[in-house]
Amino acid sequence: MTASHHDPERGEERPVFDRTDQAARAGGVGWVLTVAVILVAAAAGLFYLGKDQSERYVFVLLAVLATVGTFCLFALASGILRIGVRESGNAIIRAIADNAADAIVVTEPGGRVIYANSAYLDLTGTSDANDVRPIERAFIGNPDVSEAIYRLLNAAREGKRLQEEVRVGGAAGEIGRWLRLRVRPLGGEGRHARDTVWSVADISRERERHENVFQELQHAVDYLDHAPAGFFSVDASGAVVYLNATLAGWLDYDLASVGSGGLTIDDIVAGDGAALLTSRAAGPGEVKTDRIDLDLKTRTGKPVPVRLVHKVAYGADGEPGASRTLVLLHSRDESGASTQRDVDVRFMRFFHNTPMAIATVDKTGRVARENPRFASMFAGQLGEHRSILGVVAEANRAALEGAIRKAAEGQSDIAPVEAALAGAGERWATFFALAVEEGDGEAAIVYVLETTTQRALETRINQQQKMESVGQLAGGIAHDFNNVLSAIMMATDFLLNAHKPTDPSFQDIMQIKQNANRAAALVRQLLAFSRKQTLRPQVLDLTETLSDIGMLLKRLIGEKVTLDVQHGRDLWPVLADLSQFEQVVVNLAVNARDAMPDGGRLSLRTANVGAGDSVKYAYKGMPQADYVLLEVTDSGTGIPDTIIDKIFEPFFSTKEVGKGTGLGLSTVYGIVKQTGGFIYADSEPGRTTFRIFLPRYVPGEQPVRHLSSAEAPAIANALSAAEEAARAANADLTGHGTILLVEDEDGLRALNARGLASRGYTVLEAANGVEAVALMDEHGGGIDLVVSDVVMPEMDGPALLKELRRRDPRIKFIFVSGYAEDAFAKSVPEGKMPDFLAKPFTLKQLVAAVKQAMAS
């Protein structure tokens with residue numbers, strides 16, 4: 001049906017299309033007819049029952065009707081029921097919809113229109129109620145709208161909301177219009193819940209206003225782009241979000257690269273000048289404007305001297321927003337003469353491009369001006385008050401404050417201040433304060449030179465020199481001790497041979513021998529630290545090596561400590577001395593056990609570390625290369641920062657007296673270093689990790705030393721006492737032949753000669769190399785073997801070897817020394833290295849080495 005509503009603006013009735021009332025009226029008539037049919041049916045039924053029987057039912061029916069009537073009267077009186085056609089909606093809401101400026105139409109799920117307001121009828125040009133069309137038919141044939149209508153219909157079928165803006169072309173001679181189409185489900189409850197509400201708004205004027213604003217904005221941007229001054233904007237991250245065409249022309253940049261993340265402040269500002277723009281601090285809500293002279297740079301790196309007017313607004317949280325920066329170009333005088341501006345430009349370039357941080361401060365230390373190097377060095381540390389005292393550690397602030405005060409008083413020759421810098425990490429710098437004529441609040445100029453790298457290098461060199469000095473001292477002491485211990489051990493062997501186990505003195509002699517062996521072990525540890533012990537490197541697979549000593553480690557650490565071994569996959573081979581590497585692991589495990597008296601966890605982890613990954617560890621002194629990593633981690637008490645740099649020093653120990661020699665970690669350090677690897681310690685409470693990096697072994701690049709039979713006596717030093725006793729018990733150590741014994745220590749030479757003679761050998765003694773050559777000439781070819789010390793006066797062992805082999809190339813030779821074999825290997829011709837026996841040694845070891853050399 002078509003209804004009409006009065007339009008007060010036009011003074012006429014505006015028609016609307018509404019079918020919703022028809023359904024309401026149809027529902028009311030249906031109820032009346034239903035009640036009538038029920039009453040007629042009841043009357044007919046009573047007629048057929050007869051008068052006698054129907055009388056009772058009539059009373060019942062009348063009672064029911066009376067009850068229903070009474071209820072209806074009460075409901076009408078209270079407003080529960082209303083007589084007349086039911087209203088389909090609120091009259092106010094209906095009036096708003098009918099007279100709305102936007103066209104509104106409601107359709108059923110099948111697409112039939114059940115309501116359209118007057119604006120929709122006007123929009124579609126509908127005058128007949130039977131000609132009201134839905135949206136898709138109203139705009140049919142318009143290609144500009146059809147795609148949008150299709151998307152809106154899909155949204156309507158899915159019960160979704162959607163909005164589209166389309167341009168509808170006008171008739172001939174008319175201007176087209178912009179329409180905003182919206183669709184949404186009607187919702188609610190009842191039979192209309194699945195209906196769809198469409199609205200159409202004419203937004204032509206709104207779009208016209210937007211286009212006008214856009215045109216005005218384009219004109220403003222065009223004016224700014226071609227202004228005679230440069231302009232740029234930088235966000236808090238340093239990205240250039242805007243650059244006008246004038247500045248882009250000066251710097252030879254393409255405007256297309258701006259705003260897309262392709263250009264940053266560092267790309268357009270020379271040197272460290274960007275720090276002057278990004279290091280400013282201010283309070284929340286504050287707006288700061290600075291005038292800064294610096295150099296911009298072109299795309300090719302050419303400097304462009306400019307003056308910046310840099311304005312930044314800070315948010316409520318104190319974070320800076322995007323800057324507004326005006327760029328004024330410094331230009332030379334047209335006559336070519338040097339002007340004050342040229343002088344300022346030259347000074348500005350010197351001030352900003354010097355590699356030293358410079359700032360001017362007032363009497364209180366507040367920074368008035370600074371160069372880019374200063375701004376980048378102390379970015380974010382000056383704070384809101386911009387005090388230079390805030391960049392140094394609290395312990396050094398008084399010294400810097402005193403230097404600035406002296407400069408403000410006009411004093412000269414102010415001593416530089418070496419100070420630790422505030423903030424994370426250990427950084428150091430030297431501050432030089434100079435007096436200036438006070439002006440603009442400036443009382444002193446401060447030069448800052450960062451010395452972090454220099455101090456780290458000095459510390460490293462000092463530590464290295466100290467370790468080298470201690471190593472040389474340890475090596476020298478070890479050599480002398482080895483001579484003394486050799487004599488003691490040889491003498492105890494003679495005494496043990498002369499006394500039976502039942503002799504009262506036998507146990508005392510055994511005690512002397514055991515203590516001599518302990519002293520020999522300490523000497524070997526000193527040699528390990530000084531990296532002067534004899535190594536027998538071989539190709540090792542750390543997975544197999546750690547598996548072999550797993551049971552030993554479990555016995556060492558005890559039941560309270562859990563051992564966790566994580567093997568890396570496909571480990572590279574390494575070149576190391578097996579027994580020495582096992583000693584490294586054992587020492588670290590024992591240290592970890594002692595750090596966990598109440599139990600804990602000991603973890604061993606291996607992995608390959610490629611050259612690229614080795615850089616990530618950032619350990620000083622370790623070059624980039626391929627390594628095999630062994631990590632030993634415990635859950636103990638940790639190592640304090642104050643002593644962690646000293647743990648590898650010999651005789652340094654935190655254990656109680658008598659519970660440690662202080663040589664465990666120094667031995668580990670020496671073995672790893674002599675192997676060509678690196679060891680570092682990282683510790684925190686509850687966790688300590690030692691990382692050992694061993695160089696990857698590549699076949700063909702490094703020589704592999706295979707053990708010869710002549711080297712067996714040296715290895716015997718590393719054997720356990722039980723193994724040594726077993727070998728000695730099963731070996732026949734007697735022999736015959738002439739031996740030339742060369743030893744500068746008289747007592748040791750006499751004991752060695754006595755021991756060899758007791759086993760059947762003829763011994764010729766010489767105190768040095770000169771005497772040995774004379775004896776060789778005297779006896780001719782009658783000498784079968786030469787046993788010689790290495791370090792001797794007049795003629796040392798290597799020189800004696802050359803001289804004797806010149807006389808007899810087939811002469812057999814054994815070197816004995818308290819130094820490592822490598823210490824004199826360079827003095828021996830390549831391929832002619834004789835057998836070697838390391839001091840201290842027992843009588844059995846000496847005789848075994850001699851017999852083996854004689855038999856070879």
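How large are Rg and Dmax for region 366-420 when calculated on the C-alpha trace, in angstrom?
11.7, 31
What spacing in nm lies between the two simple spin-label points modelled at T298 and R687, each 7 Å away from Cα in the Cβ direction?
Spacing of the two 7 Å Cα→Cβ label points: 5.4 nm.
Compute the distance in nm between two label points, each set 7 Å from the Cα along the Cα-to-Cβ direction, one at A855 and one at V241.
Roughly 8.9 nm, to one decimal.
Classify region 192-257: rounded, prolate or oblate, from the alpha-carbon gyration tensor (a ≥ b ≥ c, eigenvalue square roots; a/c under 1.5 rounded; otherwise prolate if a/b is larger than b/c)?
prolate
Give me the net charge for the shell around K812: Cβ to Cβ below 11 angstrom, other residues only, Lys and Arg +1, Asp and Glu -1.
Surrounding charge for K812 is -1.
For region 578-638, just the Cα set please: Rg and Dmax, both in angstrom.
Taking only Cα atoms of region 578-638, I get Rg and Dmax of 14.1, 40 Å.
List the trypsin sites (Lys or Arg not before Pro) within region 574-640 that DSSP assigns to loop and that have no more than 10 neighbouring Cβ atoms inside 10 Å.
Passing both the DSSP loop test and the Cβ count: K620.
How much of S127 can a 1.4 Å solvent probe reach, expressed as accessible area in Å² and rounded to 10?
Accessible area of S127: about 120 Å².
If you take the beta carbon distance between L33 and T70 as r and set R0 to 22 Å, what does 1/(1 + (r/R0)^6) give as a FRET efficiency, to the nearest 0.05?
Result of the calculation: an efficiency of 0.40.
Find how much the distance from E631 to A316 grows on full extension, using 0.36 nm per residue of separation minus their present alpha carbon separation; answer in nm with one decimal. Kindly include the intermediate steps, with their values, before the conclusion.
Details: separation 315, 0.36 × 315 = 113.40 nm, distance 4.88 nm.
My answer for the length gained is 108.5 nm.
Once you put a point 7 Å from the Cα of E206 and another 7 Å from the Cα of T364, both along the Cβ direction, what distance in nm separates them?
Going by the 7 Å Cα→Cβ label model, 5.6 nm.
Largest first, what is the accessible-area ranking of F74, F214 with a 1.4 Å probe? Mind showing how you got there, number by number?
Values: F74 135, F214 110 Å².
From most accessible down to least: F74, F214.
When the solvent-accessible surface of protein heavy atoms is calculated with a 1.4 angstrom probe, in what order do D235, D613 fall, highest first? Show your work: numbers first, answer last.
Working: D235 50, D613 70 Å².
Result, largest first: D613, D235.
Please give the contour-minus-distance gain from A101 to A424: 0.36 nm per residue of separation, less the Cα-Cα distance, rounded to one decimal in nm.
109.7 nm
So how much accessible area does R687 have, in Å² to the nearest 10, using a 1.4 Å probe?
120
Set the Förster radius R0 to 41 Å, insert the Cβ-Cβ distance between Q411 and D252 as r into 1/(1 + (r/R0)^6), and round the FRET efficiency to 0.05.
The pair Q411/D252 has a calculated efficiency of 0.25.
On a 32 Å Cα-Cα criterion, which of the cross-link pairs K616/K673; K500/K554; K646/K839; K802/K844; K311/K620; K297/K363 come out too long?
The answer is K500/K554; K311/K620; K297/K363.
Local charge sum around G747 (other residues, Cβ-Cβ under 14 Å, Lys/Arg +1, Asp/Glu -1)?
Counting the neighbours of G747, the net charge comes to -4.
Note down the accessible area of E55, probe 1.4 Å, to the nearest 10 Å².
100
Can you tell me how much longer the chain between T642 and F214 gets when fully stretched, taken as 0.36 nm per residue apart minus their C-alpha distance, in nm with one decimal?
Gain on extension, T642 to F214, equals 147.4 nm.
So, counting K/R as plus one and D/E as minus one, what does the shell of residues with Cβ under 11 Å around L630 add up to?
Charge balance near L630 sits at +1.
The values are calculated or read from the model by the stated rules, or taken from the named source; none is laboratory data. All values reported here derive from a predicted model rather than from experimental measurement. Neighbour counts are summed over all protein chains in view; Cβ atoms, including those assigned to glycine, are modelled from backbone coordinates with ideal geometry. These accessible areas exclude ligands, DNA and RNA; they are computed on the full protein's heavy atoms, side chains included. Shrake-Rupley method; radii C 1.70, N 1.55, O 1.52, S 1.80 Å.
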